[in-house]
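Student: Structure below; questions to follow.
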Amino acid sequence: MRNLPRINTLFVILFLLSVSVEGSAQEKFKVCADPLNPPYSTKNKDGFENKIAELFAKELGQTLEYTWFPQRIGFIRNTLTAPLKDSDVESNDYKCDVIMGVPEGYELTLTSLTYYKSTYVLLIAKGRGWDDITDASQLVNLPLQRQESMKIAMFDRGPGTTWMQKNGLLDVGIPYQSMSGDNDNNVAMQIAKDLKAGKIDMVILWGPMAAYVTTENSENSYLMIPMKSAPDMKFDFGMAMGVRSGDKGRKEALNKLISSKAESIEAIMKEYHIPLLPIDKQAVRKSND
């Protein structure tokens, strides 16, 4: 009986330790991100997704923590759904909890409300004989000799390539990979360098990436022409944040922040000169279950 106070004290200590560990996990805003993916995220934390993550962590009173992994095949498996391990025993905690940018309704995650919407654009370097182009449709109707002189980047997949195929322009495309696998350059960085070097003169590129190119090559000027969506060809897309399937509490917390901090989010994105479109009212009201 004399040992009961000691046993009770031990139970109290263990309970407090467990509460402390649980509390420390809740005090972290754990983001899964690519360390070399401007303008979205970088290990220097100067991408627009980094800035929005900082804003959210501050609002929640949490410490921002990153799990870095290249955003290519296997990204979800190696970050969002990868459990932490302690002495080779799986824990109930994960490497990270939030992906700052996924498409609306992304099937591999539970998605938040849409927090921005952008579009693909036709980006043309000025002063190279293409300054008369004001709409992408003009490229389709150019004389054959002028079409054959185009130096336009063409990715292995994406709506830009679909548009080129539909309009018979694949033969004049200069091929690029959507996922470069390059440890020194992501796609936006490579396109910026090749435009500057004159290897290409134009590209159909996702809005945030096009914005990065124009700001990276500040000495050059560009025509940025929005691509027009049609019933059979979509160029504008909404972007949300992704959490693990079933993590509805975290999703709702993100939804509240997206709604309450909408002006701050827009201000951050405007600093990066990203072409933004109005978010559909339905996208504001709904996200996947």
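The values are calculated or read from the model by the stated rules, or taken from the named source; none is laboratory data. Being a predicted model, the structure only gives us computed values, none of them experimental. With ideal geometry, Cβ positions are generated from the backbone for all residues, glycine too; neighbour counts draw on all protein chains shown.
Student: Considering only the stretch 186-200, I want to know if a residue exists there that is without any contact (Cβ under 8 Å) to a residue 12 or more places away in the chain and more than 18 Å from residue 234 (Cβ to Cβ). If you could, list the steps in order and put the result at the bottom.
Tutor: At the first step, the residues of the stretch 186-200 found to be without any contact (Cβ under 8 Å) to a residue 12 or more places away in the chain are 193, 197.
After this cut, where a residue has to be more than 18 Å from residue 234 (Cβ to Cβ) as well, the list is 193, 197.
Yes, there is a match, as at least one residue in the stretch 186-200 is without any contact (Cβ under 8 Å) to a residue 12 or more places away in the chain and more than 18 Å from residue 234 (Cβ to Cβ).
Student: On to the next question. Taking the stretch 171-181, which residues are touching a strand residue (DSSP E or B) at 6+ places or on another chain (Cβ under 7 Å) and assigned to a helix (DSSP H, G or I)?
Tutor: The answer is 172, and nothing else.
Student: When you check residue 79 against the structure, is it of a type in the set (Val, Ile, Thr) and either crowded, with 20+ Cβ neighbours inside 10 Å or touching a His at 6+ places or on another chain (Cβ under 6 Å) (or both), yes or no? Break it down into steps so the answer makes sense when it comes.
Tutor: Values: of a type in the set (Val, Ile, Thr): yes; either crowded, with 20+ Cβ neighbours inside 10 Å or touching a His at 6+ places or on another chain (Cβ under 6 Å) (or both): yes.
Considered against the rule, which asks whether it is of a type in the set (Val, Ile, Thr) and either crowded, with 20+ Cβ neighbours inside 10 Å or touching a His at 6+ places or on another chain (Cβ under 6 Å) (or both), residue 79 comes out as yes.
Student: Another question, if that's okay. So residue 106 fits all but one of (1) assigned by TED's automatic domain parsing to the domain that holds residue 208; (2) in contact with a strand residue (DSSP E or B) (Cβ under 9 Å, 6 or more places away or on another chain); (3) part of a loop (DSSP other than H, G, I, E, B); what number is the exception?
Tutor: Unmet condition: (1).
Student: Still on this structure: From the list 184, 194, pick out the single residue that is assigned to a loop (DSSP other than H, G, I, E, B) and within 25 Å of the chain's Cα centre (by Cα).
Tutor: Numbers: 194 fails: assigned to a loop (DSSP other than H, G, I, E, B).
One residue alone meets the criteria, 184.
Student: What's the number of the condition residue 228 fails, among (1) closer than 15 Å to residue 121 by Cα; (2) surrounded by 18 or more Cβ atoms within 10 Å (Cβ to Cβ)?
Tutor: Single failed check for residue 228: (2).
Student: Considering only the stretch 251-262, state which residues are surrounded by fewer than 17 Cβ atoms within 10 Å (Cβ to Cβ) and either closer than 17 Å to residue 109 by Cβ or not assigned by TED's automatic domain parsing to the domain that holds residue 98 (or both). Working first, answer last.
Tutor: From the stretch 251-262, those surrounded by fewer than 17 Cβ atoms within 10 Å (Cβ to Cβ) are 252, 256, 259-260, 262; that's our starting set.
If the condition is that a residue be surrounded by fewer than 17 Cβ atoms within 10 Å (Cβ to Cβ) and either closer than 17 Å to residue 109 by Cβ or not assigned by TED's automatic domain parsing to the domain that holds residue 98 (or both), then 252 is the only one that fits.
Student: Looking for something surrounded by fewer than 20 Cβ atoms within 10 Å (Cβ to Cβ), outside the structural domain of residue 265 (by TED's automatic domain parsing) and touching an Asp or Glu at 6+ places or on another chain (Cβ under 9 Å) - is there at least one such residue anywhere in the stretch 191-198? Talk me through it step by step, then tell me what you get.
Tutor: Step one: list which residues in the stretch 191-198 are surrounded by fewer than 20 Cβ atoms within 10 Å (Cβ to Cβ), which gives 193-194, 196-198.
Applying the additional criterion that residues be outside the structural domain of residue 265 (by TED's automatic domain parsing) yields 193-194, 196-198.
Then drop every residue that is not touching an Asp or Glu at 6+ places or on another chain (Cβ under 9 Å), which leaves 193, 196.
Yes; the residues of the stretch 191-198 include at least one that is surrounded by fewer than 20 Cβ atoms within 10 Å (Cβ to Cβ), outside the structural domain of residue 265 (by TED's automatic domain parsing) and touching an Asp or Glu at 6+ places or on another chain (Cβ under 9 Å).
Student: For residue 233, are the conditions met, namely being among the aliphatic types (A, V, I, L, M), farther than 21 Å from residue 129 by Cβ and in contact with a Lys or Arg (Cβ under 8 Å, 6 or more places away or on another chain)? Show your work before the answer.
Tutor: On the way: among the aliphatic types (A, V, I, L, M): yes; farther than 21 Å from residue 129 by Cβ: yes; in contact with a Lys or Arg (Cβ under 8 Å, 6 or more places away or on another chain): yes.
So residue 233 fits the description; yes.
Student: Restricting to the stretch 24-78, name every residue that is part of a helix (DSSP H, G or I), under 18 Å from residue 108 (Cα atoms) and either among the β-branched types (Val, Ile, Thr) or in contact with a Leu (Cβ under 7 Å, 6 or more places away or on another chain) (or both).
Tutor: Within the stretch 24-78, the first condition is being part of a helix (DSSP H, G or I), and the residues that meet it are 24-26, 48-60, 75-78.
Still in the list and also under 18 Å from residue 108 (Cα atoms): 75-78.
76 - this is the single residue of the stretch 24-78 that is part of a helix (DSSP H, G or I), under 18 Å from residue 108 (Cα atoms) and either among the β-branched types (Val, Ile, Thr) or in contact with a Leu (Cβ under 7 Å, 6 or more places away or on another chain) (or both).
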